[in-house]
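Before any comments, here is the structure.
Derivation of every value follows stated rules applied to the coordinates shown; laboratory data play no part. Fair warning: this is a prediction, and the values are worked out from it, not measured in the lab. Neighbour counts run over all protein chains shown; Cβ positions are idealised from the backbone, glycine included.
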Amino acid sequence: MAPSNSAAWLTSEKATPLKVETAPYQPPSSDELVIRTHALAINPVDWAMQIMGNDFFPQLKYPCILGHDVAGEVVEVGSSVISFKPGDRVLALATNGGFQEYVVGSANLTSAIPNSLVYDEACVLPLGLSTAAYGLYMEEFLNLQHPTYPPQAKTGKTLVIWGASTSVGCNAVQLAVASGYEVFATAGTKNFDFVKELGASEVWDYKSPTATADIISALKGKTCAGALSVGHVSTPEGAVSAEDACLEIVHQSQGHKFVAMALRVPEKLPEGVMAKFILANEMDNEVRGAVYGNFLPKALKEGKYVCAPEPMVVGKGLESVQEALDVQKKGVSARKVVVTL
Ligand SMILES: NC(=O)c1ccc[n+]([C@@H]2O[C@H](COP(=O)([O-])OP(=O)(O)OC[C@H]3O[C@@H](n4cnc5c(N)ncnc54)[C@H](OP(=O)(O)O)[C@@H]3O)[C@@H](O)[C@H]2O)c1
């Protein structure tokens, strides 16, 4: 008999707060699995979907269950899944809404986690990891060499990551280093050491009006592998937007003149520069396999991949999800807002 399930429902467009109620238990299709959620994390898109509704997310139908990031225990696997079994500890990108007790995920967007890693930490990764991986590895994007553990030999190329203390950025820095690239990054000044510990070789303040020129100057004599732009809707006063800064940096540097954009693509691009918007949910099977299958479980087991940003647990139970969304919306600095179940 299927277990009883409950979820934090978005009952109608822009409804607040989310309502905790029973939910159907969805069995897995052949290439999926079901996870009993032990911890879930919040992403900006989750509260954006709640407050913006169909104006920005026409695909939303109500009532629905939001949420992307979960970690927990596998309870059921689809007929063609051979890499996981009930009882396995995993992190996963939810495919049917992460804010519920029993979540369905694609097997190739799920990674095994070691016993030493607690669920609160593991759940911070999936959407940040997927977004970074999409921008870095998809053929039509930066098309970097895939990550391995132990890391790939150095390529001699430098990747620029603007917004490295974000959830997406923390993953991008670690993936790029494991792929053999040097990383030039930006972050707020208090997160410089943190971003360097993740693997960036140099870090600049994204709020500084000279950051773009400083990075262009540091790239002289180097081959740029392109840039990953991770900004937020508002740009600090006196600073350049993540998008404009990255476009200018690749325009003025030798190498791959491409920017993978996590937030938006400006209408006008400098001559000779290409940019595309990341659609993390549409990652192809090759990149899924390279990141979730081959790389991450091994790197986590060896303690060589940091579950960053650090979790900030705001509550226990689905009743805490609305508060968690509100906390994320107010803004965080190198923290992932987490709810345990
Ligand atoms: N396209 C996709 O598929 C996709 C998927 C996921 C996320 N995103 C987008 O990617 C962005 C980041 O999401 P996230 O979850 O990684 O964010 P997050 O973890 O909530 O970001 C918080 C961090 O943003 C940094 N920050 C704030 N303004 C910045 C700016 N102008 N430039 C660079 N860094 C800035 C802050 O740095 P300091 O504290 O160091 O100052 C803070 O640490 C959002 O806009 C989100 O909507 C897109």
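The alpha carbon convex hull volume per residue for region 124-168 rounds to 96 Å³.
How do Trp162, Trp9 rank when sorted from fewest to most other Cβ atoms within 10 Å of their own Cβ?
Trp9, Trp162
Across all directions, the shadow cast by the convex hull of region 233-341 built on its C-alpha atoms averages 10.4 square nanometres.
How would region 204-248 be classified by its alpha-carbon gyration tensor: rounded, prolate or oblate, with rounded meaning a/c under 1.5 and the a/b versus b/c comparison settling the rest?
Judged from the Cα gyration tensor, region 204-248 comes out oblate (a/c at least 1.5, b/c at or above a/b).
Sorting His256, His251 from the fewest to the most surrounding beta carbons within 10 angstrom yields His251, His256.
Shown here for region 1-90: trypsin sites (Lys or Arg not before Pro) in loop regions (DSSP other than H, G, I, E, B) with at most 10 other Cβ atoms within 10 Å, namely Lys61.
So what's the back-of-envelope 222 nm ellipticity for the chain, counting only DSSP H runs of four-plus at -39500 (n - 2.57) apiece and dividing by all residues, rounded to 500?
For the chain, the value works out to -6500 deg cm²/dmol.
Report relative contact order for region 256-315 in percent, whole number only (criteria: Cα-Cα under 8 Å, sequence separation at least 6).
23 percent
Computed over the chain, relative contact order equals 18 percent, with contacts defined as Cα pairs under 8 Å that lie 6+ residues apart.
As a proxy for reagent exposure, ranking Leu269, Leu125 by other Cβ atoms within 10 Å from fewest up yields Leu269, Leu125.
Each of Ala2 and Ala15 was given a label point 7 Å from its Cα along the Cα-to-Cβ line. The distance between the two points is 2.0 nm. If you run the Gaussian network model on the chain, springs between alpha carbon atoms under 10 Å, then out of Ala71, Ala213, Ala112 the most flexible one is Ala213.
If you take all other residues with their beta carbon under 15 Å from the beta carbon of Leu219, and give Lys and Arg +1 and Asp and Glu -1, the sum is 0. Distance between the pseudo-spin-label points of Asp326 and Leu60 (7 Å out from Cα toward the beta carbon): 1.8 nm. The Cα trace of region 130-281 gives Rg and Dmax of 13.6, 41 Å, the first to one decimal, the second as a whole number. Over the Cα atoms of the chain, the radius of gyration divided by the Kirkwood radius equals 0.97; this is the Rg/Rh ratio. Relative to the dominant Cα principal axis of the chain, helix 126-137 is inclined by about 40°. Taking the charge dipole of the chain about its Cα centre, with +1 at Lys and Arg Cβ atoms and -1 at Asp and Glu Cβ atoms, the residue from Ala245, Gly221, Thr11 reaching farthest to the positive side is Gly221.
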